[in-house]
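Taking it in order: structure first as structure tokens, then the write-up.
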Amino acid sequence: MSDTSWYQIAPAGWKRKKLKYLADFVGGGTPDKSKPEFWNGEIPWVSPKDMKTDEILDTEDHITSDGLHSSATNVVESGAALIVVRSGILRHSIPVAVNRVPVALNQDMRAILPHEPLEVEFLASLIRGFQTELLRQWSKEGATVESIEYDLMASTEIPLPPLDVQKRIVGYLERETADIDALIAAKQKLLDLMAEKRRAIAAEAVMRGLDPSAPLRSSGIDWLGDIPAHWEVERCRWLFTERDQRSQTGEEEMLTVSHLTGVTPRSEKDVNMFEAESTTGYKLCIAGDLAINTLWAWMGAMGTARVDGIVSPAYNVYTPGPRLLPDYVDALVRIPVFAQEVTRYSKGVWSSRLRLYPEGFFETWWPVPPLEEQQQIVEHISAETTKIDRLRTATESSIALLKERRAALIAAAVTGQLEISEAA
């Protein structure tokens, strides 16, 4: 959206003013996280992870008065438009919400406090309706990190209808978007249920097999419980060998290891992360190897590589022996209960900084079905999750269409393209 577009779209009778003449701006900061006296206080502290709703009533994190005064953050009174100004999410959208309670902000947030004649809900709606255009206008050209530049944002000229018209538009949008929002929420709930079903299918298959009538026996391992009587249980050290071979050139395919997607080529993902100047000396990871993100293993960041490549030298790579199929290994390590189990063998003072080293990984116990049964399990999981994934893709597409419809409705309303009567 260029400034010219407002003149082309908004009614001729509407004023147009730069945002910096209509609002004040407040930034944020983060108290020292190593000082517990700064945290778990009474002041809600907004960060990008809280920006998933149109209104902020509370936050995940809270700070104390000492934490507030020790950092660059400030208290923002209720009634501001809060936006994310630095985050990967700015590649495609601008999270915006109105705080209904006083809050403090972290450094990736900014509060816009409009004063008359600009209504905060109208401003928030304007941003929601023109996110793509505003991202293009507010982003610094050539920047390597997704961020919104204050000067570009503050200098944006926005349409400014009379205050009573702003209020009518806001009221109209609250009513008209309610049904769309309810439908989006219902579809999102369906996605959550599908994700849970997907995990349950994999967990049941790799831990219990496919024959519900098969006799069971105690595995003697807490996380496994009862397993089919003909399965074996083996300590990991007898099932895997560690691979610590290094790349001589660094020219191999770079692989990422995530708790969401397992092991995938970086080229297939939309990632924005630090890249080393040279990957010479990175660890080789051959197709079929198990790669584990040492720092995030407790979250389930592990999986089997599908192609040859290299991973960070801080990761660990293991080659399964002849008693395990790589696809069975991938299915087992990706279930949440396995991530919980390896946490027991991880080292670290803080739960969020636990590391799974080889000596810990080799202490874990594994179920070992016959190879033929492992293959059947893998094929069953693939067939069942493919059905779920087709439904998930269709549901995600319908959500995207609903969001486009919502944005189009908002954009039309805030630029005066819809006739909204005074009685509306």
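The values are calculated or read from the model by the stated rules, or taken from the named source; none is laboratory data. Predicted model, so just to flag it, every value in this text is computed and none were measured. Here the Cβ positions follow ideal geometry from the backbone for every residue, glycine too, while neighbour counts run over all protein chains shown. These area figures cover heavy atoms from the full protein model, side chains too; ligands, DNA and RNA do not enter into them. Shrake-Rupley method; radii C 1.70, N 1.55, O 1.52, S 1.80 Å.
Of note:
- Among the residues making up the range 69-86, a single one is among the hydroxyl-bearing types (Ser, Thr, Tyr) and buried (at least 21 other Cβ atoms within 10 Å of the Cβ): THR73.
- Residue check for GLY250: touching a helix residue (DSSP H, G or I) at 6+ places or on another chain (Cβ under 8 Å) and assigned to a loop (DSSP other than H, G, I, E, B): no
- Selection within the range 286-337: residues that are touching a helix residue (DSSP H, G or I) at 6+ places or on another chain (Cβ under 6 Å) and of a type in the set (Phe, Trp, Tyr). The member of this set that is modelled with the highest pLDDT is TYR328.
- Within the range 183-210, the set of residues being over 23 Å from GLU341 (Cβ atoms) and touching a helix residue (DSSP H, G or I) at 6+ places or on another chain (Cβ under 9 Å) comprises LEU183, ILE184, LYS187, GLN188, LEU190, LEU191, MET194.
- If you go through the range 200-223 and pick out every residue that is open to solvent by 70 Å² or more (accessible area, probe 1.4 Å) and either farther than 23 Å from GLU379 by Cβ or assigned to a loop (DSSP other than H, G, I, E, B) (or both), you end up with 8.
- Given (1) more than 21 Å from ILE381 (Cα to Cα); (2) surrounded by 12 or more Cβ atoms within 10 Å (Cβ to Cβ), number of the condition ILE227 does not satisfy: (1)
- Residues (open to solvent by less than 20 Å² (accessible area, probe 1.4 Å), touching a strand residue (DSSP E or B) at 6+ places or on another chain (Cβ under 7 Å) and not in a strand (DSSP E or B)) located in the range 296-323: ALA301, ALA305
- Test: residue in the range 344-357 that is open to solvent by 20 Å² or more (accessible area, probe 1.4 Å), more than 20 Å from GLY300 (Cβ to Cβ) and out of contact with any strand residue (DSSP E or B) (no Cβ under 6 Å at 6 or more places or on another chain): yes
- For the range 126-178, a tally of residues being small (Gly, Ala, Ser), touching a residue at least 12 places away in the same chain (Cβ under 8 Å) and under 17 Å from HIS92 (Cα atoms) returns 3.
- Check on ASP330, under 30 Å from ILE227 (Cα atoms), acidic (Asp, Glu) and open to solvent by less than 20 Å² (accessible area, probe 1.4 Å): yes
- Set ILE221, ILE184: member being more than 23 Å from the chain's Cα centre (by Cα), among the aliphatic types (A, V, I, L, M) and either over 30 Å from ALA12 (Cβ atoms) or at pLDDT 95 or above (or both): ILE221
- Unmet criterion (only one of (1) outside any strand (DSSP E or B); (2) more than 16 Å from PRO367 (Cβ to Cβ); (3) open to solvent by less than 40 Å² (accessible area, probe 1.4 Å)) for THR280: (3)
- Residues that are in contact (Cβ under 8 Å) with a residue 40 or more places away in the chain and within 28 Å of ALA178 (Cα to Cα) occur at least once in the range 60-77.
- Scanning the range 26-75 for residues that are farther than 18 Å from ASP108 by Cβ and of a type in the set (Val, Ile, Thr) turns up just one, THR64.
- Subset of the range 390-417 (residues that are outside any helix (DSSP H, G or I) and open to solvent by 60 Å² or more (accessible area, probe 1.4 Å)): GLN417
- Residue match in the range 245-252 (condition: open to solvent by less than 40 Å² (accessible area, probe 1.4 Å), of a type outside the set (Ser, Thr, Tyr) and in contact with a His (Cβ under 7 Å, 6 or more places away or on another chain)): no
- Candidates LYS20, LYS15, filtered to the one that is of a type in the set (Lys, Arg), in contact (Cβ under 8 Å) with a residue 24 or more places away in the chain and surrounded by 14 or more Cβ atoms within 10 Å (Cβ to Cβ): LYS20
- Hits in the range 1-26 - residues which are modelled with pLDDT of 80 or more and of a type in the set (Asp, Glu): ASP24
- Summed over the range 360-389, the residues that are part of a helix (DSSP H, G or I) and either within 21 Å of the chain's Cα centre (by Cα) or among the hydrophobic types (A, V, I, L, M, F, W, C) (or both) give a count of 8.
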